[in-house]
Amino acid sequence: MGALAACAPAEPPPRPPLKLDCALGYEALSAAIVAEPGMKPAVKERGEPFRYFNAEGGQSSFMITEPGAPGHPAILKQQVTPAGVTNSGCAYGDEKGYAELVAYLEALARARAK
C-alpha cells in the first residue's frame, strides 16, 4: 500500500493571495476578485451599498462598493497579519467618502477584536 502513495500526484502549491492592483481599474479588479478561486461572497445585508468577498481560510476579505456607497467606486481589502488587521484599498471615487469607508472597516475590526 505504501508503493501506491508514492505514485500519487504531488499537491499543487497554494495560490498566492490576490493582490490589490489599483492600476487594473475598478471594473477589472472587481471582476478579478469575484472570479478568484476560493473567494466566497458574504451574505449581503439589505440596503448596504457594497459587497463583501472572503478569501478561503479567512485571512483576507474585500469590500467592493456599489452606487450609493461613500467613495464609490472603491475597493478595500482587509488582511489579517501577525500585527493585527490591516486595511488597504483603491479609491477611484470621492476621497472623503473613501475615508468614511476606511473608518467603517476599522470600527468593524475593533468590534471583532473585543
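The values are calculated or read from the model by the stated rules, or taken from the named source; none is laboratory data. Model, not experiment: these values are computed from the prediction. Counting neighbours? That spans all protein chains shown, and the Cβs are built from the backbone with ideal geometry, glycine included. Just so you know, the surface numbers come from the protein's heavy atoms only, side chains and all, with ligands and any DNA or RNA stripped out. Shrake-Rupley method; radii C 1.70, N 1.55, O 1.52, S 1.80 Å.
Quick one: helix 26-35 against the long Cα principal axis of the chain, what's the angle to the nearest 10°, folded into 0 to 90? Once rounded, the angle reads 30 degrees.
The alpha-carbon of residue 114 sits under 19 angstrom from the alpha-carbons of these aspartates and glutamates, leaving out residues fewer than 8 places away in its chain: 106. 3J(HN,Hα) couplings calculated from phi for segment 46-57 with the Karplus curve 6.51 cos²θ - 1.76 cosθ + 1.60 (θ = phi - 60°) are, in sequence order, 4, x, 6, x, 7, 10, 10, 10, 10, 6, 3, x Hz; Gly and Pro show x. Per-residue packing, averaged as other Cβ atoms within 10 Å, sorts the ranges 95-106, 67-78, 42-53 into the order 67-78, 95-106, 42-53, beginning with the highest.
Per residue, the chain exposes 65 Å² of solvent-accessible protein surface, assessed with a 1.4 angstrom probe and all protein chains in place. Residues whose amide H falls under 5 Å from that of residue 36, counting only those 5 or more places apart or on a different chain, are absent, with hydrogens built in the peptide plane.
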